[in-house]
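Here the structure is laid out as structure tokens; the discussion comes afterwards.
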Amino acid sequence: MNPTPKNKDKRNDAMEKLVSLAKRRGFIFQGSEIYGGLAGTYDFGPLGVMLKNNITSLWWKRFVDDRDDIYGIDAAILMNQNVWKASGHVATFADPLVEDLKTKKRHRADHLLEDAGIDVRGMSAQAMDALIKEKKILSPDGNTLGDVRQFNMMFKTNVGPSADDDSITYLRPETAGGMFVNFKNVLDTFHPKLPFGLAQIGKAFRNEIAPRDFIFRLRELAQMEIEYFVKPSDWDKYFEHFRLQMHEFISKDLGLSGEKVHELEIADVDRAHYSKRTIDFEFDFPFGRKELYGLAYRTDFDLRQHSTASGVDLSYFDEETKERFIPHCIEPSFGLERTLLAVLANAYQEDSLGAEAGDEGKGEVRVYLKFAPKVAPIKVAVFPLLKNKPILVDKAREVYMMIKKDLVENCGVAASSIVFDDNGNIGKRYRRQDEVGTPYCVTVDFETVENVDPQTGPTVTLRDRDSGKQERITLPVLTERLRSTFKRS
């Protein structure tokens, strides 16, 4: 259903707030911003890098470190052009393009039809062309559109000093290709038994016709992918296994709301040429329900294609059954930037939390990011009540170092995720930490240094991000509380 203007305004407002917060707090910046930017590219600031690292660490832990049947690799971005010919990308990795005849701007034909409320699933480029003409759909600038044609999205380049056909290569459009061509290398060096998989986190490049929706559709992106090789008769069992694992990653690791995640079974006419079954995991982004992840049963297409094209045997010999065959493949595919965007959108909250001690923001809307603790870039922030009182600053530094040492050693958190903050008054610090999603703030005040119980020791104020509740606790209780929240899982 085509969204009403009112709903569109709400979606646009939500995205504007999210984009503004992402820049203001150092998560995401426009790429090449001082030169006017470059469409489809973004840079990640300090907190964006920390958030990305947390996501990839959680992914790697679940799908590689906590298993004994998946091997990590890191394949080259530039590959022999024949890899992409064999996989079908040179011939078929394309999107439908249509041009504004007046401005010469180019657009995705399917996106223009979707924006007009038309379901394009299963529609060919020819059918899109006919429908655009029939419905007299115009460009976003209100001009007549040309004919729809397919546009190959791979970035082509040349390797070496000669720019001839033999020197052509491509920036990889997906990470999967590097895993398929390394299948035999892993098989020969580690001798794994089926089922087993290869996992990779790395960059991919797609010359998108019309990048849009912030970091949702990019020309340079990162993927987290697995190619899991199975016996042909076992594919459905492992397809279901990874379907459930992907839901676990979404809910338990990332902390995304289950109500915002939906499965979509992809029809035959809409599946990629290599897939016999595909499920999309969709998420309710501020701009609408869109694909977050994909799970595909690729059969033996890739290994068979590469075996035929290269002349190298990519079969597997089963020692138990004495059978030789080409394994089939299950592919769980995750986009890192889309994951980060979903995490940010899911975490974004506004409330009217009342004034806290020293808070000048009474009556204002509070913005905070309700990250799951293990995803949050900053876990704990430690403050002195006043930065011009050395006795408070020194004690706060002591508490800060104590917390950092304990959480790094006992919970495995990154040392950089524990911060010391004395900039501005206490209320502004709380608001700043709320906006970056810090679960806990610890404040050292005069009571910490002046009213010390000889049996229980000094106390500090612990503030919870979500409720804004503050409580006075001893350092041993503080340590146990933080360990319980950030313990290794």
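The values are calculated or read from the model by the stated rules, or taken from the named source; none is laboratory data. Note that the coordinates shown come from a computational prediction; the quantities given were computed from them, not determined experimentally. Heads up, the Cβs are rebuilt from the backbone with ideal geometry, glycines too, and the neighbour counts pull from every protein chain shown.
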For region 86-109, the count of residues that are touching a residue at least 60 places away in the same chain (Cβ under 8 Å), surrounded by 19 or more Cβ atoms within 10 Å (Cβ to Cβ) and more than 30 Å from residue 307 (Cα to Cα) equals 3
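Which residue, of 404, 379, 395, is surrounded by 18 or more Cβ atoms within 10 Å (Cβ to Cβ) and without any contact (Cβ under 8 Å) to a residue 24 or more places away in the chain?
Details: 379 fails: without any contact (Cβ under 8 Å) to a residue 24 or more places away in the chain; 395 fails: without any contact (Cβ under 8 Å) to a residue 24 or more places away in the chain.
Sole residue among the options that is surrounded by 18 or more Cβ atoms within 10 Å (Cβ to Cβ) and without any contact (Cβ under 8 Å) to a residue 24 or more places away in the chain: 404.
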Residue 409 vs (1) surrounded by 23 or more Cβ atoms within 10 Å (Cβ to Cβ); (2) closer than 24 Å to residue 487 by Cβ: all pass except (1)
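What about residue 75, is it modelled with pLDDT under 95 and small (Gly, Ala, Ser)? Break it down into steps so the answer makes sense when it comes.
Working: modelled with pLDDT under 95: no; small (Gly, Ala, Ser): yes.
No; evaluated as a whole, the condition is false for this residue.
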Here the residues within region 240-258 that are in a helix (DSSP H, G or I), out of contact with any strand residue (DSSP E or B) (no Cβ under 8 Å at 6 or more places or on another chain) and either among the charged types (D, E, K, R) or at positive phi (or both) are 240, 248, 252, 253
Do we find that residue 314 is of a type in the set (A, V, I, L, M), modelled with pLDDT of 95 or more and not in a strand (DSSP E or B) in this structure? yes
| request: Inspect region 160-168 for any residue being part of a loop (DSSP other than H, G, I, E, B) and touching a residue at least 12 places away in the same chain (Cβ under 8 Å) and give the result as yes or no. | output: no
Note on residue 193: of the conditions (1) closer than 30 Å to residue 229 by Cα; (2) modelled with pLDDT of 95 or more; (3) surrounded by 13 or more Cβ atoms within 10 Å (Cβ to Cβ), unmet is (3)
Taking the conditions exactly as written (buried (at least 16 other Cβ atoms within 10 Å of the Cβ), touching a Lys or Arg at 6+ places or on another chain (Cβ under 9 Å) and at pLDDT 95 or above), does residue 297 satisfy them or not? yes
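Can you tell me which residue among 188, 165 is within 14 Å of residue 81 (Cβ to Cβ) and not small (Gly, Ala, Ser)?
On the way: 188 fails: within 14 Å of residue 81 (Cβ to Cβ).
Being within 14 Å of residue 81 (Cβ to Cβ) and not small (Gly, Ala, Ser) holds for just one of 188, 165, which is 165.
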Filter region 132-190 for residues that are under 21 Å from residue 76 (Cα atoms) and among the basic types (Lys, Arg); the one that is surrounded by the most Cβ atoms within 10 Å (Cβ to Cβ) is 172
The condition from (1) surrounded by 18 or more Cβ atoms within 10 Å (Cβ to Cβ); (2) modelled with pLDDT of 95 or more; (3) of a type in the set (A, V, I, L, M) that residue 125 misses is numbered (2)
